[in-house]
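What follows draws every value from the coordinates through simple rules; no lab data is involved. Since the structure is predicted, the reported quantities are computational estimates derived from the model, not experimental observations. Every residue, glycine among them, receives a Cβ derived from its backbone with ideal geometry; neighbour counts consider all protein chains shown.
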Amino acid sequence: MVCHDVTERKRAEAELVRALDREKELGRLRSNFVSMVSHEFRTPLGIIQSSAEILEDYFEQLNPAERKEHLLSIRNNTQRMAGLMEEALLLGSLDAGKLEFKPAPLMLPTFARRLADEVLSATNRRCPIELSLGELPIEVHVDERLLRHICTNLLTNAIKYSDPGRPVRLELSCGDREIICVIRDQGIGIPETDLEWLFNAFHRGQNVADRPGTGLGLVIVKRCVDLHSGTIEVKSKIGKGTAVTVRLPI
């Protein structure tokens with residue numbers, strides 16, 4: 001009886017320690033989220049406010065090109081803020097288990113071309129996207145929504161950390177009952193010390209400088225790959241670029 005009581009007490013203590021650890025982690029994530037939002041929103045909000053005030057005070061004195069420039073600045077920074085919030089909300093949905101794996105037939109070549117056009121448009125054609133489509137079946141069964149999150153985040157990252165005009169490559173092929181998706185860039189690369197932390201929320205590489213970002217994109221990619229029961233591998237060299245390989249069972 002005494003032995004049973006001791007065992008129960010130890011089990012209860014272990015559960016309490018785990019609960020406290022989870023609470024600490026949640027507190028850390030909340031703190032990081034507030035810090036990220038305040039930091040990442042400050043710049044676009046400042047630009048929007050400045051452009052709006054200039055338009056309000058000097059609208060008649062500005063020529064049409066100057067007016068358009070300020071309106072484009074407001075639109076682009078509004079889109080940037082919307083993207084930040086979308087990332088945070090998406091990660092919340094993934095962590096809460098609200099996004100499920102729902103495979104359906106998908107024509108990969110059509111999907112890849114449409115996705116490349118969308119990313120080019122969203123990034124103002126900062127870098128060209130080279131498509132390499134290997135031997136692909138007419139249709140595969142995958143979750144298009146999750147695959148879109150994976151490829152969009154990886155392509156956007158590759159463009160963000162590359163110099164303007166440097167090509168980014170999207171390679172799609174099929175192996176033994178799996179899709180193989182490789183995104184290659186010739187960008188700044190990832191320091192070796194950062195590689196093991198890539199899929200931790202809010203972590204960003206030491207060499208990102210003033211490039212904006214939340215540190216959530218790769219976390220979202222990893223969650224979507226896990227829902228697909230797939231794998232992700234990152235290879236990178238400083239100043240030489242990065243290659244991310246995603247394998248998804250079909």
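The length gained by stretching the chain between Leu72 and Gln49 to full extension, at 0.36 nm per residue less their Cα-Cα distance, is 7.0 nm. Is the shape of the stretch 90-184 rounded, prolate or oblate, going by the alpha carbon gyration tensor and its root eigenvalues a ≥ b ≥ c, with a/c under 1.5 for rounded and a/b larger than b/c for prolate? It is oblate, given that a/c is not under 1.5 and a/b is not larger than b/c.
Between amide H atoms placed 1.01 Å from N, distances below 5 Å from Cys127 occur with Gly165, all of them 5 or more places distant or on a separate chain. By the scheme Lys and Arg +1, Asp and Glu -1, what is the net charge of all other residues having a beta-carbon under 15 Å from that of Asp117? Residues close to Asp117 contribute a combined charge of +3. Spacing of the modelled spin labels on Asn124 and Lys235, each 7 Å from Cα toward Cβ, amounts to 3.4 nm. Measuring between alpha carbons in the structure, the pairs from Lys98/Lys240; Lys98/Lys235; Lys160/Lys222; Lys102/Lys240; Lys102/Lys237 lying more than 26 angstrom apart are Lys98/Lys240; Lys98/Lys235; Lys102/Lys240; Lys102/Lys237. With a cut-off of 14 Å between beta carbons, the residues surrounding Arg223 carry a summed charge of -1, where Lys and Arg count +1 and Asp and Glu -1. Taking a sphere under 13 Å around the Cβ of Val244 and counting the other residues whose Cβ falls inside, with K and R at +1 and D and E at -1, yields a net charge of +2. Each of Thr242, Thr123, Thr110 was scored by other Cβ atoms within 10 Å of its Cβ. Arranged with the fewest first, they read Thr110, Thr123, Thr242.
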